1. Given the DSSP H assignment, sum -39500 (n - 2.57) over each helix run of at least 4 residues in the chain and divide by its residue total; what's the result at 222 nm in deg cm²/dmol, nearest 500?
2. Counting other beta carbons within 10 Å of each residue's own, what order do Tyr121, Tyr183, Tyr192, Tyr160 fall into, fewest first?
3. Would you mind checking the pairs Lys156/Lys181; Lys106/Lys145; Lys106/Lys156 and listing those with alpha carbons more than 19 angstrom apart?
4. Using a 7 Å offset from the Cα along the Cα-to-Cβ direction at both Lys193 and Val175, what is the distance between the two label points in nm, to one decimal?
5. Three principal axis extents, largest first, for the C-alpha atoms of the chain, in Å?
6. Report the extension gain between Ser12 and Lys106 in nm, rounded to one decimal, defined as 0.36 nm multiplied by the number of residues separating them, less their alpha carbon distance.
7. For the chain, build the charge dipole from Cβ charges (+1 Lys, Arg; -1 Asp, Glu) around the Cα centre, then report which of Ala20, Ser38, Gly82 sits farthest towards its positive end.
8. Could you name the aspartates and glutamates whose alpha carbon sits less than 13 Å from that of Lys11, not counting residues in the same chain fewer than 8 places away?
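Readers should treat all values here as calculations from the given coordinates under stated rules, not as data from a laboratory. From a predicted model like this one, the values you see are computed outputs, not experimental measurements. Using ideal geometry, Cβ is built from the backbone for each residue, glycine included, and neighbour counts are taken over all protein chains shown.
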Amino acid sequence: MDAVKRAPIPKSQWQWLCSAAAAVTLDPDTAHCELSLSEDGKRVRLGQRKRVRLGQRKSLSDNPHRFDYWECVVSREAFTSGRHYWEVEVNNSWRIGVTRESAERKGRFSFSPQQGYWCLYSGSYGFSALTDPVTSLPLSLRPRKLGVCVDIEERKVSFYTVESRAHVYTFTDMVFPQGEKIYPVFWTLDQYKDLELLPAVSVEIKPVTDS
């Protein structure tokens with residue numbers, strides 16, 4: 001399974017993805033208290049025992065939108081229609097995807113579509129789609145840069161390896177009320193390397209690089 005390689009998606013499809021590029025920034029008011037965010041809202045890592053601060057930690061005052069168990073943060077931006085694509089340079093321990101506005105943020109909930117979370121996981125337990133039960137993914141598809149595309153009307157979210165332009169996984173039949181806000185969501189336990197939101201991409205096609 002680890003030896004699986006997938007051909008790049010067609011250039012026309014990649015251009016179609018890139019044409020929906022969205023600028024995404026992290027919302028400090030939703031960040032778990034152990035996370036440290038950069039001042040520009042583009043980078044996050046676990047803050048505890050970090051040698052170098054990436055920005056001022058937010059107040060620990062309670063906020064109904066703040067995660068208090070899982071080390072998560074959502075974006076300032078939310079989507080209620082259309083198609084939106086963004087890229088993340090990943091670290092060694094992450095969950096990345098989307099969540100609906102009404103999903104639980106307090107306490108220990110499960111990251112699953114049933115709970116309103118559609119995410120991939122990468123870390124010490126491997127690489128997987130957080131379905132119920134979990135769907136293992138080939139380690140050969142684990143990206144250095146992850147592309148995420150959510151289509152609100154189609155009710156699906158797809159993931160890609162940016163460096164090889166390969167499709168990794170798609171969640172379909174997302175369940176949420178019409179008009180509910182859908183947020184990019186990020187979780188990390190890496191204390192030494194950031195998750196970094198990359199600048200909005202252009203439709204220019206770059207050569208595929210070896211992963």
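1. One gets -1000 deg cm²/dmol as the mean residue ellipticity at 222 nm.
2. If I rank by nearby Cβ atoms, fewest first, I get Tyr192, Tyr121, Tyr183, Tyr160.
3. Lys106/Lys145; Lys106/Lys156
4. In this crude label model, Lys193 to Val175 measures out at 3.6 nm.
5. That works out to 48, 42, 34 Å along the principal axes.
6. Contour length minus Cα-Cα distance gives 29.7 nm.
7. Most positive-ward Cα: Ser38.
8. The reachable aspartates and glutamates, counting only those whose Cα sits under 13 Å from Lys11, are Glu204.
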